[in-house]
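Some notes on the structure that comes next.
The values are calculated or read from the model by the stated rules, or taken from the named source; none is laboratory data. What you are looking at is a predicted structure, and each value in this text was computed from that prediction instead of being measured. Here the Cβ positions follow ideal geometry from the backbone for every residue, glycine too, while neighbour counts run over all protein chains shown. SASA here: full protein model, heavy atoms, side chains in, ligands and nucleic acids out. Shrake-Rupley method; radii C 1.70, N 1.55, O 1.52, S 1.80 Å.
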Amino acid sequence: MISVVILISGRGSNMASLLAAVGAGSLPVRIAAVLANRPDAGGLETAAAHGVPTAVIDHRQFARREDFDTAMAAAIDAFAPALVVLAGFMRILGEAFVRHYEGRLINIHPSLLPTFPGLHTHRRALDEGVRIHGCTVHFVTPDLDHGPIIVQAAVPIIDGDDEDTLAARVLAQEHQVYPLAVRWFAEGRLRLQAGRVVLDAPQASSGALIAPQTIAG
């Protein structure tokens, strides 16, 4: 059973979905620790309630980003994790940090990358008039919101959607695919090949999601 460290900045809803999957027995990993860059991160209390060790490495205490990265890496490495999971961690990590965890650092982003990297993804999707939106779990590289894609989930954009309704629909999918991606990693079913993820599992060879979808008649 591999050891996992989760990094958060806020309420940690994706962290909570991982903890729930571990508790239900569907995710065969040990959550070794939850670390935050903000002392007021609500997810710290959630993690503690599950008996998971927590710690805060407050980025505001460091004059240089590199010093924060070094302190965060030291805190992570104290738990010797096989995988580091970013779950709403709202800090840009430097290249040295990312390289240190290359191939074992993953993130979830609320868009179908490579579209809409960065912030305000739901607003931008609505402004662009796209009909399909979603989320992406990917290995982290030094490029912001970029890296080999592990899994994506798509949702339709419905006429009348606003940022809140769309965000809620996407978040529900995030809570499904993040535990799935972590389980695949833990089971050794993910391989990086020529900069892409190859999944060692049967996959559907056909099918499509069409949006908007209407009911005949």
* Structure fact -> So for R0 = 35 Å, FRET eff. of Leu192-Met1 from the Cβ-Cβ r, to 0.05, ends up at 0.95
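Compare the peptides 147-153, 198-204 by average per-residue count of other Cβ atoms within 10 angstrom and give them in order, highest first.
Working: 147-153: 19.4, 198-204: 8.6.
Order by mean packing, descending: 147-153, 198-204.
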* Only helices at least 15 Å long along their axis, Cα-based, and averaging 0.5 or more on Kyte-Doolittle count here, so list those DSSP H runs from the chain. => 13-24
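Could you tell me the calculated FRET efficiency between Ala96 and Ile158, based on Cβ-Cβ distance and R0 = 41 angstrom, to the nearest 0.05?
Working: r = 43 Å, r/R0 = 1.05.
Efficiency, rounded to the nearest 0.05: 0.40.
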* Given a cut-off of under 8 Å on Cα pairs at least six residues apart, what relative contact order in percent is computed for the stretch 58-217? -> 17 percent
* To do: Quick one: which residues, 5 or more positions from Leu192 or on another chain, have an amide H under 5 Å from its amide H? H modelled 1.01 Å from N in the peptide plane, none for Pro or chain starts.
  => Val198
* Structure fact -> Descending packing, highest mean Cβ count within 10 Å first, for 158-164, 124-130 is 124-130, 158-164
* **Solvent-accessible heavy-atom area per residue, rounded to whole Å², over the chain at 1.4 Å** => 52 Å²
* To do: Determine the sum of side-chain charges near Phe185: Lys and Arg each +1, Asp and Glu each -1, restricted to other residues whose C-beta is under 11 angstrom from that of Phe185.
  => +3
* Per DSSP H run of at least 4 residues, take -39500 (n - 2.57); add these up for the chain, divide by its residues and hand me the 222 nm value, nearest 500 deg cm²/dmol. => -10000 deg cm²/dmol
